[in-house]
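First comes the structure, then the notes that go with it.
Throughout, read-outs are computed from the coordinates displayed, never taken from laboratory work. All values reported here derive from a predicted model rather than from experimental measurement. All Cβ positions, glycine included, derive from the backbone under ideal geometry; neighbour counts span all protein chains shown.
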Amino acid sequence: MNSAIYFNLSIDKDEMVKYYTGVRTVLAHSLDGRKVEFPANRLQPFIGHDGVHGLFRLVFDQNHKFVALERVDLRQQ
């Protein structure tokens, strides 16, 4: 069974450059206070002209292996 963690990200375009020049992981804090660490390359589909911003859901399996990363659109909730 899969589980999910929700977290907000706000990384501007200049900060995103660091993830392509050495920094390989992103560390965020979930809405419930847990630390979330995942490979920075998982953000590539979400990078816009101003960086990466929004509420995200990280889905992982029972072995804590990555399943999916999705941007959550609150307008559809």
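Key figures
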{"quantity": "Loop-exposed trypsin sites (Lys or Arg not before Pro) per DSSP, neighbour cap 11 Cβ within 10 angstrom, longest uninterrupted part of the chain", "calculated": "35-64"}
{"quantity": "Relative contact order (%) - the chain, alpha-carbon pairs under 8 angstrom, separation at least six", "calculated": "37"}
{"quantity": "Cross-link partners of residue 65 among aspartates and glutamates (Cα-Cα below 12 Å; sequence separation of 8 or more within a chain)", "calculated": "37"}
{"quantity": "Answer label for P(r) over Cα pairs in 10 Å bins from 0, in percent (calculated), chosen among (1) 19, 51, 24, 6, 1; (2) 17, 53, 27, 3; (3) 15, 32, 41, 11, 1", "calculated": "(2)"}
{"quantity": "Per-pair calculated FRET efficiency, R0 = 22 Å: residue 47 and residue 75 via Cβ, rounded to 0.05", "calculated": "0.60"}
{"quantity": "Calculated from backbone phi, Karplus (6.51, -1.76, 1.60) coupling profile of segment 22-31 in Hz, x at Gly/Pro", "calculated": "x, 6, 9, 10, 9, 10, 9, 10, 6, 4"}
{"quantity": "For the chain, calculated [θ]222 nm from helices alone, where every DSSP H run of n ≥ 4 adds -39500 (n - 2.57)", "calculated": "-2000 deg cm²/dmol"}
